[in-house]
Amino acid sequence: MDKLIVEGGRPLRGEVRVSGAKNAALPLMAAAILAGGPLKLTNLPDLGDLKTMGRLLTFMGGQVDLGQGARREALLDLTQLNKPEAPHELVKTMRASALVLGPLLARVGRARVSLPGGCAIGVRPIDLHLKALRAMGAVFDLSGGDIVARAPEGGLKGAEIRFETVTVTGTENLMMAAVLAKGRTVIANAAREPEVVDTGRALLAMGAKIEGLGTGTIIIEGVDFLSGATYEVTPDRIEAGTLLAAVALAGGEITLRGFPHEALATVVAKLKETGLIITPIGPDLVAKAPEVLEAADITTQPYPGFPTDMQAQFMAMMTPARGTSVITETIFENRFMHVGELRRLGADIALEGRTAVVRGVSQLSGAPMTASDLRASASLVLASLAAKGLSQIHRVYHLDRGYEGLDRKLVALGASIQRVKA
């Protein structure tokens with residue numbers, strides 16, 4: 001198991017390209033189940049969760065080549081799908097295993113999917129997915145920790161579905177189920193995240209009929225067949241935001257190539273409040289750290305609000321900021337596990353239910369820390385960049401699940417980070 005050793009106090013300078021988005025690539029890979037031909041995905045990041053999904057699709061009978069090198073291309077051919085199953089041993093580390101449920105029911109009318117795993121950041125119930133699929137005629141049993149599902153005779157049927165709460169994976173799952181269903185499906189209170197839009201655009205390229213992407217109501221007319229296609233994965237807005245937070249903490253000036261401007265507008269506006277100097281230049285962006293970071297408040301919300309996946313990184317930014325910031329988490333009830341570790345660096349953070357009050361300190365000091373989840377890992381790395389002395393971050397396998405070589409990118413920008421076997 002790897003750990004990172006970070007020596008703080010080194011400003012970041014240079015340029016870096018934003019990788020493809022994990023949270024877009026996973027549903028796009030699941031969409032290959034629906035295609036009657038090969039699906040080529042370009043700009044696919046090199047991440048642990050995507051390799052897990054690749055192994056799962058191979059297990060189902062698919063021919064999967066995830067490609068190599070920068071901005072790599074993946075070729076996914078599921079035309080010979082013969083095992084509509086997602087066994088526990090393959091998907092126990094990955095929340096996104098639920099994303100194959102809708103496509104399998106639409107394609108072959110049956111599925112056996114292990115209940116999802118992933119980060120322990122709170123309850124992320126799959127019951128919203130199941131309730132919606134039931135409205136389309138699916139029936140479910142629970143057996144040995146697996147969801148055993150069947151579509152009705154003649155296949156899934158279009159329905160009017162309203163999610164009780166906004167769910168990103170639920171919206172993606174239902175879109176993929178509905179594109180091959182009989183008739184019209186209306187998804188109300190749909191997620192508007194850029195990754196949902198990316199999934200919908202890929203399905204359109206495959207021949208689906210979808211309206212309302214990026215709004216709270218998505219309308220889908222089922223078709224009989226989807227073809228293969230070529231589609232480029234959108235840049236990772238959370239990686240881009242993480243890199244902005246990194247230069248804010250470490251100091252210096254960096255250029256982000258291929259920056260997802262529209263998708264990160266809310267985060268950029270909030271970072272400007274802290275004093276970060278941000279200049280868009282065409283498809284790129286230049287970020288320069290201020291002399292002193294200023295405190296700012298955030299409340300996480302569904303898109304286009306401030307993303308929960310940037311909450312931990314923003315909190316790390318606020319630990320040395322001037323003043324007091326209030327951070328409220330409304331999406332996941334257990335997403336403050338990084339607080340105790342940030343305190344080890346000397347951060348002054350008080351928890352009050354789902355709210356964290358961060359009082360900026362003049363100096364953070366290096367310390368050993370243990371990562372609890374994906375975004376917490378990133379926050380500990382970022383805070384270490386601003387800390388005096390050496391920090392050790394254990395269990396960074398979480399980091400590798402969602403970031404394509406974040407430590408390597410930071411090193412290329414001038415950070416002092418060493419990866420060693422723990």
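The figures follow:
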item	result
Residue that is assigned by TED's automatic domain parsing to the domain that holds Ala250 and either of a type in the set (Val, Ile, Thr) or within 30 Å of Gly54 (Cα to Cα) (or both), where the choices are Ser391, Ser416, Ser365, Ser377	Ser377
Among (1) among the small types (Gly, Ala, Ser); (2) touching a helix residue (DSSP H, G or I) at 6+ places or on another chain (Cβ under 7 Å); (3) within 27 Å of Ala21 (Cβ to Cβ) - the single one Ala151 does not satisfy	(3)
Residue match in region 13-24 (condition: more than 22 Å from Val411 (Cα to Cα) and surrounded by fewer than 20 Cβ atoms within 10 Å (Cβ to Cβ))	no
One residue from Gln363, Gln313 being under 22 Å from Gln392 (Cβ atoms), modelled with pLDDT of 95 or more and in contact with a Ser or Thr (Cβ under 8 Å, 6 or more places away or on another chain)	Gln313
Residue among Pro283, Pro260, Pro290, Pro304 that alone is surrounded by fewer than 17 Cβ atoms within 10 Å (Cβ to Cβ) and either of a type in the set (Phe, Trp, Tyr) or in contact with a helix residue (DSSP H, G or I) (Cβ under 7 Å, 6 or more places away or on another chain) (or both)	Pro304
Complete set of residues in region 1-29 that are assigned to a strand (DSSP E or B) and touching a Ser or Thr at 6+ places or on another chain (Cβ under 6 Å)	Val6, Glu7, Glu15
Every residue from region 163-191 that is farther than 17 Å from Thr215 by Cβ, small (Gly, Ala, Ser) and not in a loop (DSSP other than H, G, I, E, B)	Ala177
Region 30-59, subset part of a loop (DSSP other than H, G, I, E, B) and under 17 Å from the mean Cα position of the chain (by Cα), residue surrounded by the fewest Cβ atoms within 10 Å (Cβ to Cβ)	Asp46
Residue tally, condition under 25 Å from Ala25 (Cα atoms) and surrounded by fewer than 24 Cβ atoms within 10 Å (Cβ to Cβ), over region 163-179	5
Some residue of region 218-227 being outside any loop (DSSP other than H, G, I, E, B), among the acidic types (Asp, Glu) and not assigned by TED's automatic domain parsing to the domain that holds Val168	no
Close pairs (6 angstrom Cβ cut-off, 6 or more residues apart or separate chains): surrounded by fewer than 19 Cβ atoms within 10 Å (Cβ to Cβ) in region 400-422, assigned to a loop (DSSP other than H, G, I, E, B) and of a type in the set (Asp, Glu) anywhere	none
Of all residues making up region 123-162, the number that are of a type in the set (Phe, Trp, Tyr) and part of a loop (DSSP other than H, G, I, E, B)	0
Complete set of residues in region 321-356 that are more than 20 Å from the chain's Cα centre (by Cα) and within 22 Å of Thr167 (Cβ to Cβ)	Arg354
Options Ser377, Ser372: the member that is free of Cβ contacts under 8 Å to residues at least 60 places away in the same chain and surrounded by 22 or more Cβ atoms within 10 Å (Cβ to Cβ)	Ser377
Candidates Gly117, Gly102, filtered to the one that is in the same structural domain as Phe59 (by TED's automatic domain parsing) and modelled with pLDDT under 95	Gly117
Ala316 under 15 Å from Ala269 (Cα atoms) and not charged (D, E, K, R)	no
Enumeration of residues in region 380-399 that are in a loop (DSSP other than H, G, I, E, B) and either without any contact (Cβ under 8 Å) to a residue 60 or more places away in the chain or among the small types (Gly, Ala, Ser) (or both)	Gly389
Residue within region 354-365 that is on the phi > 0 side of the Ramachandran plot, without any contact (Cβ under 8 Å) to a residue 40 or more places away in the chain and not polar (S, T, N, Q) present	no
Counted residues, region 205-218 - those being free of Cβ contacts under 8 Å to residues at least 60 places away in the same chain and either buried (at least 16 other Cβ atoms within 10 Å of the Cβ) or small (Gly, Ala, Ser) (or both)	9
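Residues are listed down the side, and each one gets a yes or a no for (1) more than 30 Å from Gly252 (Cβ to Cβ); (2) among the acidic types (Asp, Glu); (3) at pLDDT below 95:
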residue	(1), (2), (3)
Ala24	no, no, no
Leu34	yes, no, no
Leu39	yes, no, no
Thr58	yes, no, no
Asp65	yes, yes, no
Arg72	no, no, yes
Asp77	yes, yes, no
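The values are calculated or read from the model by the stated rules, or taken from the named source; none is laboratory data. Values in this document were obtained by computation on a predicted structure and should not be read as measured data. Positions of Cβ are backbone-derived with ideal geometry, glycine not excepted, and every protein chain shown enters the neighbour counts.
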